[in-house]
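One structure below.
The values are calculated or read from the model by the stated rules, or taken from the named source; none is laboratory data. In this text the structure is predicted, and so the values were computed from the model without any measurement. Here the Cβ is made from the backbone with ideal geometry for all residues, glycine too, and neighbour counts use every protein chain on show.
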DNA sequence: TTATATACCTAAGAATTGGAGGTATTCTCG
DNA sequence: CGAGAATACCTCCAATTCTTAGGTATATAA
């Protein structure tokens, strides 16, 4: 009954999204899923059932907007960061970093530096 | 409406608990809360409303057990790791580490090492 | 023509956490 | 002595977030 492998830490998904969108101008949903798989060599997967609600939430918060485009008969919906919301994205990522630092602090406590 | 600071990433709490209990023989609930506050200089807090259910779940899974003790008129309930379950604890922590590595991979991508 | 890949999405349920509340004892300060 | 803080346990409800499973549709490969 042990749940296994690549579950996402709840709460980290929006950070992942914002990070990728910060670096890439604009991506569409399916692309985000693939990219994460790529980066982590298939070990972490963002499911669409989690991704789309998260994207829509960020859109609802005014951080992302959308525009669709037809590519070879298929519709792609891009989710760029709203231009004047990049600061928001950065600060959210900073928060996540801060949290991860704290978590590291607990899980991998730095022995006090000892000058010898 | 931006939710702020020190919320815990869902899923990380049981790892925090197992880490502390791995290092400390046995701790009681209140102590765990205080310890986390200490380690993170007050920036991260484990709330009791989350802690106790998590402890009871780990107990239900057979990883922790309990024994109470009276100390200066107050009851302390210790939650040591069941002796032959230390392996479980270790492997769960390893899983968390693996996940955090993946997350770092996405949030702080290593530029490909370039030998010059 | 059937399956796979691409591409979007929703809905129901599980799981986890935060916040608020509740009980009880001891200690501290005025 | 009384009030409040600290110590110590706990539960319940609401909110959030994810997983699983499903649904639609087109293009390409077998």
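Summary table below
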| item | result |
| --- | --- |
| Selection from segment A:60-85 of residues that are under 14 Å from the mean Cα position of the chain (by Cα) and more than 11 Å from residue A:28 (Cβ to Cβ) | A:63, A:64, A:81 |
| Criterion: exposed (fewer than 12 other Cβ atoms within 10 Å of the Cβ) and either at pLDDT 95 or above or under 30 Å from residue A:37 (Cα atoms) (or both) - qualifying residue of B:66, B:75, B:47 | B:75 |
| Wholly within segment B:17-109, helices (runs of 4 or more DSSP H) carrying at least 3 residues that are more than 9 Å from DNA strand D (Cβ to nearest atom) and over 30 Å from residue A:15 (Cβ atoms) | none |
| Residue in segment B:74-82 that is within 11 Å of chain A (Cβ to nearest Cβ) and either without any contact (Cβ under 8 Å) to a residue 60 or more places away in the chain or under 30 Å from residue A:45 (Cα atoms) (or both) present | no |
| Pick from segment B:39-49, criterion touching a helix residue (DSSP H, G or I) at 6+ places or on another chain (Cβ under 9 Å) and more than 13 Å from every other protein chain (Cβ to nearest Cβ), ranking: farthest from residue B:77 (Cα to Cα) | B:47 |
| Subset of segment B:16-32 [surrounded by 17 or more Cβ atoms within 10 Å (Cβ to Cβ) and either within 13 Å of chain A (Cβ to nearest Cβ) or out of contact with any strand residue (DSSP E or B) (no Cβ under 6 Å at 6 or more places or on another chain) (or both)] | B:16, B:17, B:18, B:19, B:20, B:21, B:27, B:29, B:32 |
| Test: residue in segment A:7-18 that is over 13 Å from the mean Cα position of the chain (by Cα) and at negative phi | yes |
| Subset tally (residues that are away from chain A (no Cβ under 14 Å), touching a helix residue (DSSP H, G or I) at 6+ places or on another chain (Cβ under 9 Å) and either in contact (Cβ under 8 Å) with a residue 40 or more places away in the chain or within 13 Å of DNA strand C (Cβ to nearest atom) (or both)) for segment B:55-73 | 2 |
